[in-house]
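Single-structure report; data block below.
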Amino acid sequence: MEILLSDLHISPFREEKFKTQKLNPIEWLIQLFADLLKKKEEQVFVEMMKIARERDITLGIVNGDLMESSATERGIWKETDYKAARKVKRWLEKLLRIKILLNMGNHESGYNLPLSSDPKAGISLKSLRNFLRLTGRTELYHSFELEGFWIVFIPYLFTEDHAVDFDIEKEKANFLKKMAKDFQKNEKIVVFTHDPDSLDDPGLRHILLANREKIKLFFCGHYHSLVTLGFVKALIAIFNVPILFPYRWTLRLLLWYATSGNGVMVKKIEAYFQKRKNIPRLMRVLNVRVIPGPTGMFGMGGGFLTVNLETLEVKRF
Ligand SMILES: [Fe+2]
(Lines give C-alpha, C1' and ligand atoms only; values in the text may rest on other atoms or scores of the structure.)
Protein backbone atom coordinates (compact mmCIF):
# COMPACT_ATOMS: atom_id res chain seq x y z
CA MET A 1 0.00 0.00 0.00
CA GLU A 2 1.26 3.44 -0.80
CA ILE A 3 -0.02 6.98 -0.64
CA LEU A 4 -0.42 9.11 -3.76
CA LEU A 5 -0.23 12.87 -3.54
CA SER A 6 -0.14 15.63 -6.09
CA ASP A 7 -0.22 19.39 -6.53
CA LEU A 8 0.44 20.22 -2.89
CA HIS A 9 1.62 23.66 -4.06
CA ILE A 10 3.30 24.35 -0.73
CA SER A 11 4.25 27.98 -0.93
CA PRO A 12 7.25 29.19 1.08
CA PHE A 13 7.55 32.32 -1.13
CA ARG A 14 4.05 33.73 -0.74
CA GLU A 15 5.08 37.34 -1.35
CA GLU A 16 8.04 36.96 -3.72
CA LYS A 17 6.46 34.53 -6.16
CA PHE A 18 4.49 37.15 -8.11
CA LYS A 19 7.28 39.70 -8.42
CA THR A 20 8.48 38.43 -11.82
CA GLN A 21 5.01 38.14 -13.37
CA LYS A 22 1.73 40.00 -13.64
CA LEU A 23 -0.99 38.57 -11.42
CA ASN A 24 -3.73 37.70 -13.95
CA PRO A 25 -7.40 37.40 -12.84
CA ILE A 26 -7.27 33.59 -12.75
CA GLU A 27 -4.18 33.56 -10.53
CA TRP A 28 -5.72 36.28 -8.37
CA LEU A 29 -8.77 34.05 -7.86
CA ILE A 30 -6.60 30.98 -7.15
CA GLN A 31 -4.64 32.99 -4.57
CA LEU A 32 -7.82 34.25 -2.94
CA PHE A 33 -9.16 30.70 -2.56
CA ALA A 34 -5.75 29.41 -1.38
CA ASP A 35 -5.94 31.91 1.50
CA LEU A 36 -9.61 31.13 2.23
CA LEU A 37 -8.99 27.37 2.20
CA LYS A 38 -5.95 27.30 4.46
CA LYS A 39 -7.85 25.57 7.30
CA LYS A 40 -9.27 22.97 4.95
CA GLU A 41 -5.79 22.31 3.54
CA GLU A 42 -4.41 21.74 7.06
CA GLN A 43 -7.18 19.20 7.71
CA VAL A 44 -6.20 17.25 4.56
CA PHE A 45 -2.61 17.01 5.85
CA VAL A 46 -3.91 15.75 9.22
CA GLU A 47 -5.94 13.12 7.34
CA MET A 48 -2.81 12.09 5.37
CA MET A 49 -0.93 11.62 8.65
CA LYS A 50 -3.77 9.53 10.08
CA ILE A 51 -4.11 7.29 7.00
CA ALA A 52 -0.35 6.80 6.65
CA ARG A 53 -0.08 5.69 10.33
CA GLU A 54 -3.22 3.52 10.31
CA ARG A 55 -2.21 1.63 7.18
CA ASP A 56 1.52 1.41 7.85
CA ILE A 57 2.28 3.24 4.62
CA THR A 58 6.01 3.67 4.08
CA LEU A 59 6.11 5.22 0.62
CA GLY A 60 4.50 8.28 -0.93
CA ILE A 61 4.56 9.48 -4.52
CA VAL A 62 4.09 13.18 -5.18
CA ASN A 63 3.07 13.38 -8.84
CA GLY A 64 4.49 16.88 -9.38
CA ASP A 65 3.98 20.43 -8.08
CA LEU A 66 5.17 19.79 -4.55
CA MET A 67 6.09 23.46 -4.11
CA GLU A 68 5.79 26.86 -5.77
CA SER A 69 9.14 28.58 -6.28
CA SER A 70 10.14 32.22 -5.78
CA ALA A 71 9.32 32.90 -9.46
CA THR A 72 6.52 30.41 -10.06
CA GLU A 73 6.91 30.22 -13.85
CA ARG A 74 10.67 29.48 -13.67
CA GLY A 75 10.50 26.35 -11.45
CA ILE A 76 13.32 25.48 -9.03
CA TRP A 77 15.69 27.90 -10.74
CA LYS A 78 17.55 29.49 -7.78
CA GLU A 79 19.63 28.00 -4.98
CA THR A 80 17.09 29.43 -2.49
CA ASP A 81 14.30 27.54 -4.31
CA TYR A 82 16.32 24.32 -4.22
CA LYS A 83 16.96 24.73 -0.48
CA ALA A 84 13.29 25.52 0.18
CA ALA A 85 12.19 22.48 -1.86
CA ARG A 86 14.60 20.26 0.08
CA LYS A 87 13.17 21.60 3.34
CA VAL A 88 9.56 21.06 2.18
CA LYS A 89 10.33 17.47 1.10
CA ARG A 90 12.00 16.70 4.46
CA TRP A 91 9.10 18.31 6.34
CA LEU A 92 6.57 16.16 4.46
CA GLU A 93 8.60 12.97 5.01
CA LYS A 94 8.84 13.72 8.71
CA LEU A 95 5.17 14.65 9.03
CA LEU A 96 3.91 11.51 7.29
CA ARG A 97 6.83 9.29 8.40
CA ILE A 98 7.24 7.96 4.87
CA LYS A 99 9.76 8.13 2.05
CA ILE A 100 8.67 10.55 -0.68
CA LEU A 101 9.41 10.06 -4.38
CA LEU A 102 8.91 13.03 -6.69
CA ASN A 103 7.73 13.32 -10.27
CA MET A 104 8.52 16.59 -12.03
CA GLY A 105 5.55 18.96 -12.37
CA ASN A 106 5.50 22.34 -14.09
CA HIS A 107 6.22 24.07 -10.78
CA GLU A 108 9.49 22.13 -10.53
CA SER A 109 10.56 22.49 -14.18
CA GLY A 110 9.19 25.94 -14.98
CA TYR A 111 6.45 26.50 -17.54
CA ASN A 112 5.24 28.74 -20.32
CA LEU A 113 1.45 28.53 -20.54
CA PRO A 114 -0.83 31.08 -22.31
CA LEU A 115 -1.23 33.21 -19.19
CA SER A 116 2.48 33.20 -18.29
CA SER A 117 3.71 36.76 -18.10
CA ASP A 118 7.28 36.37 -16.84
CA PRO A 119 9.69 37.05 -19.77
CA LYS A 120 12.00 34.36 -18.36
CA ALA A 121 9.21 31.79 -17.88
CA GLY A 122 9.80 28.21 -19.01
CA ILE A 123 11.79 25.02 -18.51
CA SER A 124 15.47 25.70 -17.97
CA LEU A 125 18.60 23.64 -17.43
CA LYS A 126 18.95 25.18 -13.98
CA SER A 127 15.49 24.02 -12.88
CA LEU A 128 16.03 20.52 -14.31
CA ARG A 129 19.40 20.18 -12.56
CA ASN A 130 17.97 21.42 -9.27
CA PHE A 131 15.09 18.94 -9.56
CA LEU A 132 17.59 16.12 -10.11
CA ARG A 133 19.63 17.30 -7.10
CA LEU A 134 16.46 17.31 -5.01
CA THR A 135 15.63 13.73 -5.97
CA GLY A 136 19.20 12.42 -5.88
CA ARG A 137 18.89 11.25 -9.50
CA THR A 138 21.26 11.82 -12.39
CA GLU A 139 18.83 11.71 -15.31
CA LEU A 140 15.30 12.80 -16.06
CA TYR A 141 14.08 9.35 -17.04
CA HIS A 142 13.04 7.59 -13.86
CA SER A 143 11.61 4.09 -13.49
CA PHE A 144 11.87 1.39 -10.84
CA GLU A 145 10.39 -1.90 -9.64
CA LEU A 146 7.79 -1.86 -6.86
CA GLU A 147 5.95 -4.97 -5.60
CA GLY A 148 6.09 -6.68 -8.99
CA PHE A 149 5.17 -3.57 -11.01
CA TRP A 150 7.43 -1.41 -13.12
CA ILE A 151 6.79 2.23 -12.21
CA VAL A 152 7.44 4.94 -14.81
CA PHE A 153 7.50 8.69 -14.09
CA ILE A 154 6.74 10.97 -17.06
CA PRO A 155 7.87 14.53 -16.25
CA TYR A 156 6.13 17.77 -17.29
CA LEU A 157 8.69 18.17 -20.13
CA PHE A 158 6.31 16.67 -22.73
CA THR A 159 3.68 19.40 -22.45
CA GLU A 160 6.03 22.14 -23.66
CA ASP A 161 7.38 22.72 -27.18
CA HIS A 162 10.31 24.92 -26.15
CA ALA A 163 12.81 25.20 -23.33
CA VAL A 164 14.64 28.34 -22.24
CA ASP A 165 18.21 27.17 -22.89
CA PHE A 166 18.40 23.60 -24.24
CA ASP A 167 17.08 21.40 -27.05
CA ILE A 168 13.84 20.03 -25.57
CA GLU A 169 13.15 17.72 -28.54
CA LYS A 170 16.52 15.99 -28.04
CA GLU A 171 15.74 15.56 -24.33
CA LYS A 172 12.31 14.10 -25.14
CA ALA A 173 13.79 11.68 -27.74
CA ASN A 174 16.39 10.51 -25.22
CA PHE A 175 13.65 9.96 -22.60
CA LEU A 176 11.39 8.03 -25.01
CA LYS A 177 14.19 5.71 -26.09
CA LYS A 178 14.68 4.59 -22.48
CA MET A 179 10.94 4.40 -21.85
CA ALA A 180 10.36 2.21 -24.96
CA LYS A 181 13.01 -0.26 -23.72
CA ASP A 182 11.32 -0.49 -20.31
CA PHE A 183 7.93 -1.12 -21.88
CA GLN A 184 9.44 -3.89 -23.98
CA LYS A 185 11.01 -5.62 -20.96
CA ASN A 186 8.10 -5.38 -18.50
CA GLU A 187 4.55 -6.75 -18.48
CA LYS A 188 2.95 -4.93 -15.52
CA ILE A 189 3.45 -1.19 -15.59
CA VAL A 190 2.14 1.74 -13.52
CA VAL A 191 2.50 5.18 -15.14
CA PHE A 192 2.64 8.57 -13.45
CA THR A 193 2.50 11.73 -15.54
CA HIS A 194 2.07 15.14 -14.00
CA ASP A 195 0.14 16.77 -16.82
CA PRO A 196 -2.21 14.69 -19.02
CA ASP A 197 -1.71 17.29 -21.77
CA SER A 198 1.69 15.61 -22.22
CA LEU A 199 -0.21 12.75 -23.94
CA ASP A 200 -0.43 14.97 -27.02
CA ASP A 201 3.26 14.37 -27.69
CA PRO A 202 3.23 11.96 -30.69
CA GLY A 203 6.20 9.84 -29.54
CA LEU A 204 4.90 9.47 -26.00
CA ARG A 205 1.35 8.78 -27.17
CA HIS A 206 2.58 6.06 -29.56
CA ILE A 207 4.44 4.11 -26.84
CA LEU A 208 1.58 4.39 -24.37
CA LEU A 209 -1.16 3.36 -26.81
CA ALA A 210 0.91 0.48 -28.21
CA ASN A 211 1.41 -0.85 -24.66
CA ARG A 212 -1.93 -0.03 -23.11
CA GLU A 213 -2.59 -3.68 -22.12
CA LYS A 214 0.54 -3.60 -19.99
CA ILE A 215 -0.46 -0.41 -18.14
CA LYS A 216 -2.28 -1.60 -15.04
CA LEU A 217 -2.72 1.84 -13.46
CA PHE A 218 -2.21 5.32 -14.90
CA PHE A 219 -2.23 8.48 -12.76
CA CYS A 220 -1.98 12.18 -13.54
CA GLY A 221 -2.01 15.34 -11.47
CA HIS A 222 -2.10 18.99 -12.56
CA TYR A 223 -5.91 19.24 -12.81
CA HIS A 224 -6.28 19.21 -9.00
CA SER A 225 -9.73 17.52 -9.09
CA LEU A 226 -12.33 15.82 -11.28
CA VAL A 227 -14.26 19.11 -11.13
CA THR A 228 -11.39 20.90 -12.92
CA LEU A 229 -11.07 18.05 -15.40
CA GLY A 230 -14.79 18.37 -16.25
CA PHE A 231 -14.41 22.13 -16.62
CA VAL A 232 -11.37 21.76 -18.92
CA LYS A 233 -13.20 19.10 -20.98
CA ALA A 234 -16.10 21.55 -21.46
CA LEU A 235 -13.71 24.28 -22.64
CA ILE A 236 -12.00 21.86 -25.05
CA ALA A 237 -15.43 20.89 -26.46
CA ILE A 238 -16.58 24.51 -26.83
CA PHE A 239 -13.43 25.47 -28.74
CA ASN A 240 -13.46 22.36 -30.97
CA VAL A 241 -17.01 21.09 -31.62
CA PRO A 242 -18.58 23.13 -34.48
CA ILE A 243 -22.16 22.91 -33.14
CA LEU A 244 -21.11 24.62 -29.90
CA PHE A 245 -20.07 27.84 -31.68
CA PRO A 246 -22.63 30.10 -29.86
CA TYR A 247 -20.94 29.22 -26.54
CA ARG A 248 -17.57 29.99 -28.16
CA TRP A 249 -18.54 33.63 -28.60
CA THR A 250 -19.83 33.90 -25.03
CA LEU A 251 -16.57 32.41 -23.79
CA ARG A 252 -14.47 34.75 -25.93
CA LEU A 253 -16.32 37.69 -24.40
CA LEU A 254 -15.76 36.39 -20.87
CA LEU A 255 -12.05 35.83 -21.57
CA TRP A 256 -11.76 39.27 -23.13
CA TYR A 257 -13.23 40.74 -19.96
CA ALA A 258 -11.03 38.56 -17.68
CA THR A 259 -7.85 39.57 -19.55
CA SER A 260 -8.82 43.28 -19.47
CA GLY A 261 -9.39 43.37 -23.23
CA ASN A 262 -6.23 41.53 -24.28
CA GLY A 263 -7.24 40.05 -27.68
CA VAL A 264 -3.87 38.35 -28.22
CA MET A 265 -4.21 36.54 -24.91
CA VAL A 266 -7.79 35.44 -25.77
CA LYS A 267 -6.51 33.95 -29.05
CA LYS A 268 -3.67 32.19 -27.24
CA ILE A 269 -6.08 30.66 -24.71
CA GLU A 270 -8.39 29.54 -27.52
CA ALA A 271 -5.46 27.96 -29.42
CA TYR A 272 -4.40 26.23 -26.19
CA PHE A 273 -7.76 24.47 -25.85
CA GLN A 274 -8.02 23.73 -29.58
CA LYS A 275 -4.63 22.00 -29.49
CA ARG A 276 -5.85 19.78 -26.66
CA LYS A 277 -8.81 18.29 -28.54
CA ASN A 278 -7.47 14.70 -28.23
CA ILE A 279 -6.73 14.78 -24.50
CA PRO A 280 -10.18 13.72 -23.13
CA ARG A 281 -10.27 10.72 -25.53
CA LEU A 282 -6.68 9.71 -24.69
CA MET A 283 -7.39 9.93 -20.96
CA ARG A 284 -10.42 7.68 -21.45
CA VAL A 285 -8.60 5.13 -23.62
CA LEU A 286 -5.63 4.95 -21.26
CA ASN A 287 -7.87 5.06 -18.15
CA VAL A 288 -5.95 7.97 -16.61
CA ARG A 289 -7.02 8.81 -13.04
CA VAL A 290 -6.53 12.23 -11.49
CA ILE A 291 -4.70 12.39 -8.16
CA PRO A 292 -6.42 15.38 -6.51
CA GLY A 293 -4.61 18.31 -4.95
CA PRO A 294 -5.42 18.81 -1.23
CA THR A 295 -8.05 21.52 -1.80
CA GLY A 296 -9.06 20.54 -5.34
CA MET A 297 -10.64 23.29 -7.44
CA PHE A 298 -11.68 26.21 -5.24
CA GLY A 299 -12.29 23.76 -2.40
CA MET A 300 -14.18 21.17 -4.47
CA GLY A 301 -12.98 17.60 -5.09
CA GLY A 302 -9.71 17.82 -3.15
CA GLY A 303 -7.82 15.16 -1.19
CA PHE A 304 -5.39 12.35 -2.00
CA LEU A 305 -5.35 8.65 -3.00
CA THR A 306 -3.98 5.39 -1.69
CA VAL A 307 -3.29 2.39 -3.89
CA ASN A 308 -3.03 -1.27 -2.98
CA LEU A 309 -0.69 -2.90 -5.47
CA GLU A 310 -1.86 -6.40 -4.52
CA THR A 311 -5.51 -5.78 -5.38
CA LEU A 312 -5.03 -2.65 -7.58
CA GLU A 313 -7.63 -0.96 -5.39
CA VAL A 314 -7.41 2.83 -5.44
CA LYS A 315 -9.05 4.69 -2.54
CA ARG A 316 -9.84 8.39 -2.40
CA PHE A 317 -9.70 10.40 0.82
FE1 LIG B 1 0.82 21.44 -12.53
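Six or more apart or on different chains, Cβ atoms under 6 Å: show the pairs whose first residue is in region 209-225 and over 22 Å from Glu145 (Cβ atoms) and whose second is within 10 Å of the ligand (Cβ to nearest atom) and not polar (S, T, N, Q).
Gly221/Asp7; Gly221/Gly64; Gly221/His194; His222/His194; His222/Asp195; His224/Asp7; His224/Gly293
Residue by residue, here is whether (1) surrounded by fewer than 17 Cβ atoms within 10 Å (Cβ to Cβ); (2) touching a residue at least 24 places away in the same chain (Cβ under 8 Å) holds:
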residue: Trp28; (1), (2): yes, no
residue: Glu42; (1), (2): yes, no
residue: Arg55; (1), (2): yes, yes
residue: Ile61; (1), (2): no, yes
residue: Gly64; (1), (2): no, yes
residue: Ala85; (1), (2): no, yes
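In region 229-245, what count of residues is obtained for those that are farther than 19 Å from Asp197 by Cβ and open to solvent by 70 Å² or more (accessible area, probe 1.4 Å)? Lay out the reasoning, then the answer.
Kept after step one, since they are farther than 19 Å from Asp197 by Cβ, are these residues of region 229-245: 242-245.
Subsequent filtering for residues that are open to solvent by 70 Å² or more (accessible area, probe 1.4 Å) retains 242-243, 245.
Here the count works out to 3.
Right, Leu286: without any contact (Cβ under 8 Å) to a residue 12 or more places away in the chain and either of a type outside the set (Ser, Thr, Tyr) or closer than 30 Å to Val46 by Cα (or both) or not? Lay out the reasoning, then the answer.
Values: without any contact (Cβ under 8 Å) to a residue 12 or more places away in the chain: no; either of a type outside the set (Ser, Thr, Tyr) or closer than 30 Å to Val46 by Cα (or both): yes.
Judged against the criteria, Leu286 is not a match.
Quick one: would you say Thr295 is open to solvent by less than 60 Å² (accessible area, probe 1.4 Å), in contact with a helix residue (DSSP H, G or I) (Cβ under 7 Å, 6 or more places away or on another chain), under 25 Å from Asp7 (Cα atoms) and of a type in the set (Ser, Thr, Tyr)?
On the way: open to solvent by less than 60 Å² (accessible area, probe 1.4 Å): yes; in contact with a helix residue (DSSP H, G or I) (Cβ under 7 Å, 6 or more places away or on another chain): yes; under 25 Å from Asp7 (Cα atoms): yes; of a type in the set (Ser, Thr, Tyr): yes.
Criteria met by Thr295.
Looking at region 298-310 only, could you name the residues that are more than 20 Å from Glu42 (Cβ to Cβ) and either open to solvent by 30 Å² or more (accessible area, probe 1.4 Å) or of a type in the set (Phe, Trp, Tyr) (or both)?
Asn308, Glu310
For region 1-102, please list each of the strands (runs of 3 or more DSSP E) lying entirely inside it that holds at least 2 residues being at pLDDT below 95. Talk me through it step by step, then tell me what you get.
Numbers: elements: 2-5, 59-62, 99-102.
So the answer is 2-5.
Taking only region 46-94 into account, find how many residues are within 15 Å of the ligand (Cβ to nearest atom) and among the basic types (Lys, Arg).
Within region 46-94, residues that are within 15 Å of the ligand (Cβ to nearest atom) and among the basic types (Lys, Arg) number 1.
When Phe239 is evaluated against the numbered criteria (1) modelled with pLDDT of 95 or more; (2) not in a strand (DSSP E or B), which criterion, by number, is the only one it fails?
Of the numbered conditions (1) modelled with pLDDT of 95 or more; (2) not in a strand (DSSP E or B), the odd one out for Phe239 is (1).
Select from region 181-199 the residues that are in contact with a Ser or Thr (Cβ under 8 Å, 6 or more places away or on another chain) and within 16 Å of the ligand (Cβ to nearest atom) and list them in ascending order. Give the steps one after another, and end with the answer.
Initially, region 181-199 is screened for residues in contact with a Ser or Thr (Cβ under 8 Å, 6 or more places away or on another chain), giving 182, 194-195, 197-199.
Hits for region 181-199 are His194, Asp195, Asp197, Ser198, Leu199.
Pull up region 206-224, narrow it to residues that are assigned to a helix (DSSP H, G or I) and over 22 Å from Leu102 (Cα atoms), then point me to the one that is farthest from the ligand (Cβ to nearest atom). Full working, then the answer.
Of all residues in region 206-224, those assigned to a helix (DSSP H, G or I) come to 206-210.
Applying the additional criterion that residues be over 22 Å from Leu102 (Cα atoms) yields 206-207, 209-210.
Working: His206: 24, Ile207: 22, Leu209: 23, Ala210: 27 Å.
Among residues in region 206-224 that are assigned to a helix (DSSP H, G or I) and over 22 Å from Leu102 (Cα atoms), the one farthest from the ligand (Cβ to nearest atom) is Ala210.
Looking only at region 271-317, which residues are of a type in the set (Lys, Arg), within 23 Å of Val62 (Cβ to Cβ) and within 16 Å of the chain's Cα centre (by Cα)?
Applying the first criterion (of a type in the set (Lys, Arg)) to region 271-317 yields 275-277, 281, 284, 289, 315-316.
Narrowing further to those that are within 23 Å of Val62 (Cβ to Cβ): 289, 315-316.
Arg289, the sole residue that qualifies.
The values are calculated or read from the model by the stated rules, or taken from the named source; none is laboratory data. All figures in this text were calculated on a predicted structure; none of them were measured in a lab. All Cβ positions, even for glycine, are placed from backbone atoms using ideal geometry, and neighbour counts span all protein chains on display. These area figures cover heavy atoms from the full protein model, side chains too; ligands, DNA and RNA do not enter into them. Shrake-Rupley method; radii C 1.70, N 1.55, O 1.52, S 1.80 Å.
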